[in-house]
Amino acid sequence: MRIACPFCGERDSSEFSYLGDASPKRPNFAVDSPNSPAEIEDAVFDYVYLRANVAGDMREYWYHGGGCRSWLIAERNTVTHEFKSVTAAPGAGAALAGQAGE
Amino acid sequence: MPDFTWETQSPLRKALVVGRHGAGTGAAGVTLREVRDIALVQVMARRGQAAATAKAAKKLFGVEPPTSPKAVTAKTATLIWSGADQFLAFAPHSGDEFYAKLADTFAGIASLSDQSDGRCALHISGPRARDAMAKFCALDLHDTVFPVGAAASTAIDHTNASVWRSADEAGEAVYNLLVFTSFSDSLWHMIADAALEYGLDAGHVSAVQ
Amino acid sequence: MSGYTETQPLGRTATADGRASPDRSSAANQSHRLANGGLIDRQAPLQFSFDGKSMSGFAGDTLASALVANGVKLVARSFKYHRPRGIMTAGSEEPSALVEMRTGARKEANTRATTQELYDGLVASSQNRWPSLRRDFMAVNSLLSPIFVAGFYYKTFMWPAKFWEKLYEPAIRRAAGLGETAHLPDPDHYDKAWAHCDVLVVGSGATGLSAALAAGRAGARVILCEEDSHIGGRLLSDGGEIDGMPALDWLRRVTDELASLPNVRIMARTAVFGVYDGGDFGALERVNDHVPQPAEHQVRQRLWRIATRRSVVGAGAIERPIVFPGNDRPGVMMAAAVRTYINRFAAMPGKRIAVFTNNDDGWRTVEAVVRAGGEIAAVIDPRGKVPAAYRALADRSGLRVLPGQVVDVKGGVDGVRSITVATGSSTQNIDTDCLAASGGWNPNVALSSFHRGRPTWREDIAAFVPGVSPPGMIMAGAANGDLSLDACLRTGHAAGAMAAAETGAKGKSGNAAKAADEAFAIQPLWQVKAKGKAFVDFQHDVTASDVTLAQREGFESVEHLKRYTTLGMATDQGKNSNVTGLAIMADARGRSIAETGTTIYRPPYAPVAIGALAGHHRDQNFHAWRLTPSHHWAAERGAVFVDTGLWKRAQWFPLAGETDWLQSVKREVLAVRNGVGFCDVSTLGKVDVRGADAGTFLDRVYINGFSKLAVGKARYGLMLREDGIVMDDGTTSRLAEDHYLTTTTTAKAGPVTQHLEFCRQVLWPELDVQLSSATDQWAQFSIAGPRTRDLLINLVDPSEDVSNEGFPFMGVREVMLRGGMKARLFRISFSGEMAFEIAVPARYGEAMARNIMKAGEPFGVVPYGTEALGVMRIEKGHVAGPELNGMTTASDLGLGGMASKKKDFIGRIMAGREALMAPDRQVVVGIKPVDKARRLRSGAHVVPKGAIPGPETDQGYLTSVCFSPVLDHWIALALVERGRERIGEIVRICDPLRNEDYEAEICSPVFYDPEGGRQRA
Ligand SMILES: [Zn+2]
């Protein structure tokens, strides 16, 4: 199988490693967060452990460790293994992204 | 006080046996060379500094660094794309001079990492170079897909390598490889094995003319 | 492209024009060889032997065709019943004629005689028989057949279970089976390689050639794969006329044109065995199976991974048998195979051939036999009518045509002697030595179905045709149910042109070639219902009654049928039996075949040797290796190496006279503790962390802080996973305001780098941080022991101050060495001794080792290996891999106090979970044996004194053990429940694996210099 890295082009899937669902957002809690400890723990627990077992299209993290070392977000069908799109994680290419945004 | 001398050693000093190996006796199908005495610096643009980095590179090398998987040859160095916002500057070894010049040029706009000893450089050429490479490199190296100047960061035997294509004086393809130093003994054996059926001419050259 | 593979479109067709052979003598021995014709080279006679008997054939023969030419009928014994078997087919679907090829280490079992090219000196033997093929004692199994019926394993050997391993299984394995492996390492080389194209064409018959030509002319990059040694597919056997010329002439023209196209690559002897996700194909090239052994440096087989955008599958169709009693006798052959042996190989399979066919195609075999001057004993066509196209032939040749069915085949080990034909209520015997049977054609839908595509039933040809194929795949020609030559040419061409256009090729494909559109009519006949053993799956000895038995016992679904009867589970994967088996099942259930459906198709289509899958990666090349910068220096000193991950590290450096590893390690440890030693630690992962926000980044990654670390200082750090468990540890040095150098453990360098990149690119893209691996850049050595400073004074430039004041503990800076070398010097210690780590660019690694030896010579410096390193870290109570085991928290390791309370970091919140804070967790402690002579072993369990060992009393285990030369007894680190509260307690140590049981004392994990004075000296 080949995966189209937005930076490198199509590459053999063995160059990539899979992390999983890209939808959970990491909650940020400062050490002096006003939220209750239970609330904080629940939120982080969900982020770490709670995953839907999707049969169909899913947004996933993939790492092009055997290539440009970019983290990527892929839309993949978990049933057919078809990749619908592969885009760069927000910090992959930060020099360019930052420039455009700032 | 004893004398201290600092000889350099190639990571291939055991693996590389200069000469003709493998099938046949005539011209080898594959020519494999270690390129010794290299300088190599990884240049990583800082956040928001891609344009400034390109500008500084242009000033220093006379060419803009590649923004897609390509290798650009300038007078004093070859600039090889190595990932988003970064490239490798490849040049003959010159003590600390090359790194110092880059550190000066990119101060505050790009982070540098000296890889002069972190990678081992190889050249693969010859009429059967591509056949041998097909055994360990998943890239499509066809002329139309990977012409002179094309580059890639790819995995070879589960380790990272930079590959780019140049041409020799006769215009024949030369595939340049940068592999991690610690893997080079292992990869040399693998590449040599891949080439044996086509006949292998092994040797080394110096990047310093 | 050139030179990839030896391509023989037609072989050497020296005698295709019918010229007489000059070598009468070798041909004379070939009792069944035709005087003329065939695509064999009569100028090139070949000698071979089968079961020790010497025979001859010609270049262009397969082993099967040479055996046919020599009149050999019996070639194998069957899997379960040891029934005599012959050659059934002429292709890769062969279920019966499996032989052992070659001898010694190159012996290869289960080789299909029909795909093995003949070479001079070929040695083959039959298998699964004893003592000989003709007299096989195991044929008694045939008499025991009632116990070998479907499901007999499940029914017969259920009880007692313990008899399985010792009694049932060995007995069954001896009695039932195929060939035997060589039991020796394979001396040949195998390869794996990638290939890339726009259009992959599978099969080089009329369909594949048309497709390759259309796509190639259009300009697409084409790879054409053909499993046979010769390009042409059925054209080689069936002849015919294309574009007004003999098919073979057309074939030659097309192959010439394809060879002239630089964008077309023809790969003969290459079987495409699978299609995988994203349009990648697997193919096996039998590079040197057609020679006795590969020439030096040549590979035996090559596994191809072909990446393509589109594929055209012209894999043809496979003729299916009819199930009737005795249908497995040697001499019963597929009708098209008989045609192949006659037309392609000039070998006549019988002197008096009977043909049993339910379709028009079988009549082509009748025609071929007649044309070659053979005798037709009878044609049995249950449809009762001679097809229109063959009426003239039937009349002209006075054929005996019987509108009936074959109900029995009589014969012995030498094959068919006669058949019994029933027409209506009467039967008659017909003498024959070869029965050519055809039950119709199954389109080869395998590749189309490997992505769980379900073939669909087509009534008009009574066969399954491809359902939904994998993306980018076009099925064409006979593989798609278009069985006529003209349809193959037309659909192949259209598929090739379409595939090329879809990949952006702009050229013109030209027109499809044309042939007369022959008719194909069939009246399904799956099974002749008559008494006697009638085989469905010839390779696994599955009979029609096995199938109906499975139905009666409730195993009705095709997937159950397959597992219960093992139908289609042999090495041929049921290529010519699956459809027949399920048709019989459908009949037994009173359902239609379409309703009954097929089993799931899975790759590989053809057997693939493990050697080919391994390729280069075997023996010493099993995986890649990494060498340290001082590797060869250490090797020259006689170091013993150990694999740690991919690295080869010096484990110890034995001196002359040392006979035991412990002796060497003790000496190395004491040398360090009392003097000075050094060790290559370049394998530790090194990551350059740079950028304006590098400090902030590390604060978030590590449990302790780094942004306030002073330039020129190092600090030990611990990082957690998000779930609060420790991920890795190591020191980080601040080399400049915006430059940190972080080290990881050797094992975790890769995963930690990936984690750091994730943090940088996904979690905190707003930070200005750049990461790069510096592991390979530096040759780094730890120099340790009380004489370290003395050594360094000899090594560094006199201007450098390495005194305790000038270079305090945890200091870092660049220093100049004597001889003009710049180095990084870190004052960090893993051994507990005063120690420095010194780093120079890797190319100076060996020079560094030599110069350390030189500088330390007056102080008796020794190089030490990972074993001494490990001993000293255990003595010092430093945790490492065995303690950072993916289950321990920072406080389990005794490092909880490092966690900052002032900042958030990865894993902080989950580490605070109740269970991870529980007081009864297993924590790191030291263990010393009560009996000081006792050797400790890691993995041994800790239970309370007096308790009976078991899961309820288990309280932990020894993680790291060593012999402490300083204490002169064995010590250990262990994870023990509430361990820190139990210092001084005597516990019971149990090692059920080694049958050891003894008492030990829980103690502090720091066995050596607990005040830490030595490393700060
Ligand atoms: Zn990439």
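Every number in this text was worked out from the coordinates using simple rules, so none of it is lab data. All values derive from a computational prediction rather than experimental measurement. When we count neighbours, we look across all protein chains shown, and the Cβ atoms used for this are built from the backbone with ideal geometry, even at glycine.
About the Cα centre, and with charges only on the beta carbon of Lys, Arg (+1) and Asp, Glu (-1), how big is the dipole of chain C? Nearest 20 debye, please. Mind showing how you got there, number by number?
Details: 118 positive and 113 negative charges, 233 e Å.
I would put it at about 1120 debye.
For C:90-101, what's the mean count of beta carbons from other chains sitting within 10 Å of each residue's beta carbon?
0
About its Cα centre, what dipole magnitude does the protein assembly as shown give when the only charges are +1 on Lys and Arg Cβ and -1 on Asp and Glu Cβ, stated in debye to the nearest 20?
That gives a dipole near 2020 debye.
Can you compute the modelled spin-label distance between A:Leu50 and C:Arg937, with each label point 7 Å from Cα toward Cβ, in nm?
4.8
Extension gain C:Asn674-C:Ala35, at 0.36 nm per residue separation less the Cα-Cα distance, in nm?
In short, 220.9 nm is gained.
According to the Kirkwood expression over distinct Cα-Cα pairs, how big is the hydrodynamic radius of chain A, in Å?
15.5
Sort C:44-56, C:758-770 by packing, meaning the average of other beta carbons within 10 Å per residue, with the highest value first.
Order by mean packing, descending: C:758-770, C:44-56.
Running Debye on region C:532-607 with equal point scatterers at the Cα sites and no solvent, what base-10 log of I(q)/I(0) appears at q = 0.12, 0.17, 0.24, 0.25 Å⁻¹?
Each listed q corresponds, in turn, to -0.27, -0.55, -1.09, -1.17.
Report the residues of region C:79-109 in range of a label on C:Ala139: point 7 Å along Cα→C-beta, backbone N strictly under 11 Å from it.
Label zone hits: C:82-85.
If the viscosity is 0.692 mPa s and the temperature 37 °C, what translational diffusion coefficient in µm²/s does Stokes-Einstein give for the protein assembly as shown when Rh comes from Kirkwood over Cα pairs?
93
Which peptide among C:503-511, C:335-343 comes first, and what is the full order, when sorted by highest mean count of other Cβ atoms within 10 Å?
Those peptides, ordered most packed to least, come out C:335-343, C:503-511.
Kindly point out, ordered by number, any Cys in chain A whose beta-carbon has no other cysteine beta-carbon under 4.7 Å away.
Taking the Cβ cut-off of 4.7 Å, the unpaired cysteines of chain A are A:Cys68.
Counting pairs of alpha carbon atoms under 8 Å apart in space and at least six apart in sequence, what relative contact order in percent does region C:532-607 give?
30
Could you list A:Lys25, C:Lys901 in order of exposure, starting from the residue whose Cβ has the fewest other Cβ atoms within 10 Å? Working shown, then result.
Values: A:Lys25 9, C:Lys901 6.
With the fewest neighbours first, A:Lys25, C:Lys901 line up as C:Lys901, A:Lys25.
If R₀ is 56 angstrom, what is the calculated FRET efficiency for the pair A:Leu19 and C:Thr659, using the beta carbon separation as r and rounding to 0.05?
Step by step, r from the Cβ atoms, then E = 0.65.
Explain nothing, just the number: relative contact order of region B:1-135, from Cα pairs under 8 Å at least 6 residues apart, as a whole percent.
On the way: 184 pairs, mean separation 47.0, N = 135.
Relative contact order here is 35 percent.
If we count other beta carbons within 10 Å of each Cβ, what is the order of C:Arg787, C:Arg85, fewest first?
Least to most surrounded, the residues fall as C:Arg787, C:Arg85.
Across peptide C:182-193, what mean number of C-beta atoms from other chains lies inside 10 Å of a residue's C-beta?
2
Round to the nearest 0.05 the FRET efficiency obtained for A:Arg59 and C:Glu952 when R0 = 60 Å and r is the Cβ-Cβ distance.
0.85
Which residue fluctuates the most in chain B, going by a Gaussian network model with Cα springs under 10 Å, if the choices are B:Glu169, B:Glu97, B:Glu197?
So, out of B:Glu169, B:Glu97, B:Glu197, the one fluctuating most is B:Glu169.
Give me the distance in nm between label points sitting 7 Å out from Cα along the Cα-to-Cβ direction at C:Ala388 and C:Arg602, one decimal.
Once both label points are built, they end up 4.8 nm from each other.
Could you work out which residue, out of B:Gln49, B:Gln115, B:Gln86, moves most in a Gaussian network model of chain B, that is, has the largest mean-square fluctuation with Cα springs under 10 Å?
In the Gaussian network model the winner is B:Gln49.
What are the ³J(HN,Hα) values, in whole Hz, obtained from phi via the Karplus relation 6.51 cos²θ - 1.76 cosθ + 1.60 with θ = phi - 60°, for each residue of region C:79-87 in sequence order, with x given for Gly and Pro?
Per residue, the Karplus-derived 3J(HN,Hα) values read 4, 9, 8, 6, 6, x, 9, x, 8 Hz.
Determine, from the Cβ-Cβ distance of C:Arg400 and B:Val145 and an R0 of 56 Å, the FRET efficiency 1/(1 + (r/R0)^6), rounded to the nearest 0.05.
Numbers: r = 63 Å, r/R0 = 1.12.
E(calc), rounded to 0.05, equals 0.35.
Testing the spin-label approximation: label points 7 Å from Cα along Cα→Cβ at C:Thr456 and C:Arg1016. State their distance in nm.
Taking the simple label geometry, C:Thr456 and C:Arg1016 are separated by 8.2 nm.
What is the projected area of the convex hull of the Cα atoms of chain C, averaged over all directions, in nm²? Numbers along the way, then the final one.
On the way: hull surface 204.1 nm².
Projected over every direction and averaged, the Cα hull of chain C covers 51.0 nm².
Given 4 °C and 1.567 mPa s, compute D for region C:919-1017 with the Stokes-Einstein relation, Rh being the Kirkwood radius over Cα pairs; round to the nearest whole µm²/s.
For these conditions, the coefficient is 95 µm²/s.
In what order do A:Tyr47, C:Tyr740 fall by count of nearby beta-carbon atoms within 10 Å, going from fewest to most? Provide the component values of the computation, followed by the final result.
Working: A:Tyr47 15, C:Tyr740 26.
The order, fewest Cβ neighbours first, is A:Tyr47, C:Tyr740.
Compute, for region C:685-775, the length of the dipole vector about the Cα centre, with Cβ point charges of +1 (Lys, Arg) and -1 (Asp, Glu) only. Units Debye, rounded to 20. Write down the numbers at each step before the final one.
Values: 10 positive and 12 negative charges, 64 e Å.
Dipole of region C:685-775, to the nearest 20 debye: 300 debye.
Using only atoms on other chains, find how many Cβ atoms lie within 10 Å of each Cβ of peptide B:139-149 and report the average.
3
On C-alpha positions alone, give me the angle between the axis of helix C:485-502 and the longest principal axis of chain C, in degrees, nearest 10.
The angle comes out at about 30 degrees.
In percent, what relative contact order does chain C have, based on Cα pairs under 8 Å that are 6 or more apart in sequence?
9
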